[in-house]
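Heads up: the structure comes next, in structure tokens.
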Amino acid sequence: MTAKKTATSVAVSNIMKYVLNKDLKDAFEGISKRNFEDIKGNVGSIDVGYGNTKYVAGVDENGELIYGSFPSITPLASNQSISGNMFMARDTKIVDVDGTHFEVGVETEALISGSNTDAAKVLDESYIFSPQYKALFLGALSYMGKEEYDVLVLGLPVNYIRNADKLAELFTGEFELADNKKCVVKEVLVIPQPLGGFYQVAIDNDLYEDMLEEYNLIIDPGYLTFDVLTTKGLSPIDQRSDAIPGGMSKILNALAKSISQQIDRTYDDLSAIDNAIRKPRKIKNPDGTTERKRALKIGKQIIELDEHIKKTTPVIENSITAMKNIVKTYDNIENIILVGGAENIFLKRIEKHLVDREILKADNSLFSNAIGFFYVGVLHALRK
């Protein structure tokens with residue numbers, strides 16, 4: 001535990017000295033107004049998650065962020081393609097990691113559709129040093145399309161942040177990308193993933209001045225872990241922060257089990273379930289009207305998910321109980337921020353536990369950490 005505390009402090013200390021400087025008030029305000037004119041050099045960010053890889057490539061001529069995402073799936077690249085001239089090529093990138101070619105990108109789910117995507121993933125701390133992680137990193141850089149980054153910001157789960165320095169060293173340098181392109185990364189910053197969401201919500205909602213002096217609780221239900229980060233301003237309180245095993249993957253597996261019971265056979269396409277939750281589809285009601293619902297199409301059956309989601313309440317409650325044990329008390333917490341792509345599943349249960357508290361949410365929850373990472377990179381670049 002001691003090692004984790006020390007590493008967390010080291011990982012964010014350089015960031016804190018920039019942000020806590022009162023001279024940066026104008027910088028915060030500039031970011032909130034999408035004024036990036038004073039940035040020195042190229043800044044980007046990558047959030048390699050267990051579920052999805054998100055990135056911010058930079059800003060366009062109008063000051064709008066350029067960002068995207070793709071599933072964190074890394075099938076081996078095929079040596080042949082049947083697309084020819086009759087079909088559109090897949091929206092993927094083929095990257096080389098130490099002689100092994102992986103196909104990563106927006107349409108990789110189609111390559112393994114119908115299977116349990118968790119079965120092909122490295123789901124422990126070694127993941128961040130695995131060929132699969134590097135393949136996703138290279139895939140993100142390939143989509144981002146820049147030849148050089150002066151500052152690139154990455155994130156790690158709270159319980160893995162002790163590896164920040166190693167990760168920064170690993171992903172600094174020149175990299176071979178898809179389509180015979182290259183990218184030079186001059187400097188890498190690594191911060192706890194939920195801290196990215198903090199930056200995004202604080203800056204985009206013009207709350208940064210107050211939050212820099214207050215106690216904050218950032219809740220980040222990720223794919224594999226339920227991250228809890230308590231801070232005083234931007235200083236993490238390690239004794240009240242941790243990552244709980246029990247993120248979205250547990251919810252999806254519980255849903256797959258419930259759906260399997262309904263259709264009387266094994267169903268384990270977790271990606272399809274995840275997509276159905278995130279992207280409601282038009283469903284025709286008995287009276288002929290249509291409405292968008294969270295639903296799956298399995299063969300001829302339409303499986304509405306809301307009743308199945310209710311059955312996952314015990315899984316969600318376990319995470320919330322563990323969070324309370326970590327935070328110890330909510331009495332001195334002045335801001336509660338919920339980020340991450342799974343916030344729509346956890347929000348109602350968290351609100352029931354904190355009925356008298358406002359829960360701040362990111363406008364674009366899936367990208368909240370990646371956008372916050374980018375803001376950190378901008379602040380760093382402004383100080384160079």
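As an exercise, identify the trypsin sites (Lys or Arg not before Pro) in the stretch 165-252 lying in DSSP coil whose Cβ has no more than 12 other Cβ atoms within 10 Å.
Working: sites: 166, 181, 182, 186, 232, 240, 250; in loops: 181, 186.
Passing both the DSSP loop test and the Cβ count: no residue.
For the stretch 149-233, the relative contact order comes to 29 percent (Cα pairs under 8 Å, sequence separation of at least 6). Using only the alpha-carbon atoms of the stretch 279-384 as identical scatterers, what base-10 log of I(q)/I(0) does the Debye formula give at q = 0.12, 0.15, 0.22 Å⁻¹? Here the Debye-derived log intensity ratios amount to -0.64, -0.87, -1.23.
At full extension, residue 61 and residue 290 could sit 78.4 nm farther apart than now, given 0.36 nm per residue minus the alpha carbon distance.
Structure note, pairs 279/311; 250/310; 297/348; 257/279; 54/166; 324/348: Cα-Cα distances above 24 angstrom occur for 297/348.
Quick one: length gained pulling residue 264 to residue 91 fully straight, 0.36 nm per residue minus the C-alpha distance? If you can, show how the numbers build up before the last one.
Working: separation 173, 0.36 × 173 = 62.28 nm, distance 3.48 nm.
Gain on extension, residue 264 to residue 91, equals 58.8 nm.
In this structure, the amide hydrogen of residue 244, modeled 1.01 Å from its nitrogen in the peptide plane, lies closer than 5 angstrom to those of 226, 227, 228, counting only residues at least 5 positions away or on a different chain.
Using unit Cβ charges (K, R positive; D, E negative) and no other charged atoms, how large, in debye to the nearest 20, is the dipole of the stretch 230-384 about its Cα centre?
Details: 26 positive and 19 negative charges, 74 e Å.
Around 360 debye, computed over the stretch 230-384.
Among the trypsin sites (Lys or Arg not before Pro) found in the stretch 284-341, those both in a DSSP coil and sparsely packed, with 15 or fewer other Cβ atoms within 10 Å of their Cβ, are 300, 311, 328. In summary, the aspartates and glutamates within cross-link reach of residue 181, defined as a Cα separation below 19 angstrom excluding same-chain residues under 8 places away, comprise 91, 96, 98, 103, 147, 148, 150.
3J(HN,Hα) couplings calculated from phi for the stretch 133-140 with the Karplus curve 6.51 cos²θ - 1.76 cosθ + 1.60 (θ = phi - 60°) are, in sequence order, 5, 5, 4, 5, 4, 5, x, 4 Hz; Gly and Pro show x. Using θ = phi - 60° in the Karplus curve 6.51 cos²θ - 1.76 cosθ + 1.60, the 3J(HN,Hα) couplings for the stretch 253-267 round to 5, 5, 5, 4, 5, 5, 5, 4, 5, 5, 8, 6, 7, 5, 10 Hz; x is entered for Gly and Pro. For residue 67, nonlocal amide neighbours, meaning residues 5 or more places apart or on other chains whose placed amide H falls under 5 Å from its own, are 57.
Quick note: the coordinates plus some simple rules give every number you see, no bench work behind them. In this text the structure is predicted, and so the values were computed from the model without any measurement. So basically every Cβ, Gly included, is an ideal-geometry build from the backbone, and we count neighbours across all protein chains shown.
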